[in-house]
1. Please compute the length gained on full extension between S92 and S27, using 0.36 nm multiplied by the number of residues separating them and subtracting their Cα-Cα distance.
2. Determine which aspartates and glutamates satisfy two conditions relative to K439: a Cα distance under 17 Å, and not lying fewer than 8 residues away in the same chain.
3. Where nothing but the Cβ of Lys and Arg (+1) and of Asp and Glu (-1) is charged, how large is the charge dipole of segment 142-276 around its Cα centre, in debye to the nearest 20?
4. Quick one: compute the contact order of the chain, relative version, from alpha carbon pairs under 8 angstrom and 6+ residues apart, as a percent.
5. Any idea which of G588, L502, A381 is furthest toward the positive side of the dipole for the chain, if Lys and Arg beta-carbons carry +1 and Asp and Glu beta-carbons -1?
6. Using a Förster distance of 30 Å, how high is the FRET efficiency between L260 and E12, based on the Cβ-Cβ distance and rounded to 0.05?
7. Where does each of 213-222, 89-98 land if you order them by average Cβ count within 10 Å, highest first?
8. Taking K and R as +1 and D and E as -1, what net charge do the other residues with C-beta under 11 Å from the C-beta of A63 add up to?
Amino acid sequence: MAELLLELFSEEIPARMQAKAGDDLKSLITNGLVEAGLTYEGAQVHATPRRLVLSVEGLNAKAADTREERKGPKVDAPQAAIDGFLRSTGLSLEQLQRQEDKKGAFYIAVIKKDGRAASEIIAALVPEVIRKFPWPKSMRWGSGTLRWVRPLHSIICTFDGEVVAFDVDGIRSGNSTRGHRFLSKGTVEVRRFEDYADKLHKAHVIVDANVRAESIRHDARTLAMAQGLELIEDEALLKEVAGLVEWPVVLMGDFDAAFLDVPPEVIITTIKNNQKCFNLRDAKTGKLANRYLLVSNIVASDGGKEIIRGNNKVIAARLSDAKFFWDQDRKVKLEDQLAKLDAITFHAKLGTQGERVKRIEALAGEIAKTIGADVEKAKLAARLAKADLVTGMVGEFPELQGLMGRYYALDQGHDAEVADAIRDHYKPQGPSDNIPASKVGMAVALADKLDTLVGFWAIDEKPTGSKDPYALRRAALGVIRIVLEYGVRIPLRGVVSRHIELLFQKLLSSGLVYELDKEVGVLQDEAGLSHMRLFSVRLLNWQPRRSEEFSIVFHNEDYIELPPGNSTVTNLLWFFADRLKVYLKDQGARHDLIDAVFSLGGQDDLLMVVKRVEALSSFLETDDGKNLLAGVKRAANILRIEEKKDGTTYSGDVNPQQLIKGEEKALHSAITASSAQARKAVENEDFEAAMKAIAKLRAPVDAFFEGVTVNDKDQTFRVNRLRLLNRIREACAEVADFSKIEG
């Protein structure tokens, strides 16, 4: 077994592209080898700023020989058909074999091909991969036509220690490369990966990115510890820096302690983003230190003094800018920044950020009432939550939005809970992010996410497939996590419906073109007098070449509200159900049970949905649950067949006088009792008790199917028994739609 060694040596490859490029190189080469008939034992890929390296071990020296049998025409077929078969196989008539079956004699072509040598396959495959390599961005240079991420200088390609010769746009493959740009001289000749890695290490190149990263981590921790400091760990930065150097050397710099008056997150972000340096904190106090660690790519003759001096100078300038923004932003109250939001478009169809803030403020107040938060604090936090978007600091560092709002709010004397809510209203931004710390923060975070979801649902900008440009799935998951992790009770249907009303009032008042399509109903007051006319409204300028219909209530042709049952609300609730399935599936729950609960209708309290799903799951794990599920499905199947055959439904009342058998009488009594008990338990939100009530049906249902013939010859008894089966289905629907449950 031999080894393929491939190195593509170029100018600096952006660190963010290296890992993906390595994976692409590995898959393209190994897949191509396998498709050509070669097998291998393993492959490893590495990347440095100036090279992609692939080693394929245990590679066959030659592809396997192939033998193909191809059935041809009959022996007595027209000569043209036989000639065509000969041309397609490349054989002569004498080389064909004859076989016979029931239909007569026919020709068989046995085509044998010798497997190609691995070196021949590699010589054809590698140039093709290089020319078609999927860089996200690439360039041409000189007079050549080859595109690469940066100018490609040389190619190592050896198989079993010998050079595989080929040419790519004038670059001939060989077995030599270069070491570190500054710390080595001349070329390095190699044969296999083992001596390649060893010789490059001597030439001051660490080939393995993971080894470079661990070297940086170790040296950084050691250097920090020696000064009584701790490294502020940052895995993303560590990975990026490891992609910027081939021979990492960790050095420590410092900056003026006066800059520590600026919020620590600003300093950390400045040093990290602008200089790719690591921040440090005091090991005793835990506070940010006025020192940092940088990673050099050379071993400097002066011990790195000039490198440190240069970085200190740049960081001082960057921190001066940050301090300027901090000082200037604090001169303007957050309330005074709000007017600027009216000039910032949130979305062409959803208005400005200023208009959105007003909607979020109203919604936050409503949610605060529901969850027991301070309403005025929630409304104030919502009103100020986006104000930092127009500050100089957030303009420079967008990732600090929310956080800077908190600092400005505290500096201006606002309540700490309001300030924390401003910081937390974007949370959670991912599965590992925390939810807001207070109820006020939860109210604002929920309002922000629900406004986003309602708005984009209203203008029909929903996620499709893998595309979710407005992060609506993340917003829905954020709502779900806040509700479930803190145990918040929110009636989503009412909240969403009222927010859509607010949104549509804005849209209609700002020039949305519509026409009253037709009157679809009348709303009456308690005296029975009509006072609101219900119309279907056609929106004419909603989207190009498209119109949408919505039901809206008008009074004297002035817009008032959307009636319940609006399809936008329903669709959004089902989106929440879908996201809840994803969330609970990660927690080990069954998605079909979520469908079974949501299908009942009116299930808009996510916390209660989950509790009901948990109770249903526990119930179905018992013997009573499993057997009752089987019985209910049997009843549903019989009903479906008979209703389809008869062209009717059997949803009428059961006539007790026509129940002649003990089993059907017992079942009818059990259903009546269990339904009432289950309904009362559900009203009291005691889902475990509701399941126990339904479980009492298990024995009567089993006895009914054993002792009673549903499709009796007497149509009176048959219809009554089918209605009894429907009552089984209706009774179970008090807790869940059993037809949605698998198994």
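The values are calculated or read from the model by the stated rules, or taken from the named source; none is laboratory data. The model shown is predicted, which means the values in this text are computed figures rather than measured ones. Cβ sites come from the backbone with ideal geometry, for glycine too, and all protein chains shown count toward neighbours. The accessibility values were calculated without ligands, DNA or RNA, using every heavy atom of the protein model including side chains. Shrake-Rupley method; radii C 1.70, N 1.55, O 1.52, S 1.80 Å.
1. Value of the extension gain: 19.4 nm.
2. Answer for K439, where 17 Å is the Cα cut-off: E361, E366, D374, E376, D415, E417, D420, D424, D448, E485, listed by chain and number.
3. 600 debye
4. Values: 1202 pairs, mean separation 48.0, N = 743.
Normalised by residue count, the contact order of the chain is 6 percent.
5. G588
6. Values: r = 34 Å, r/R0 = 1.14.
It comes out at approximately 0.30.
7. Per-residue Cβ counts within 10 Å, averaged per peptide and sorted highest first, yield 213-222, 89-98.
8. -1
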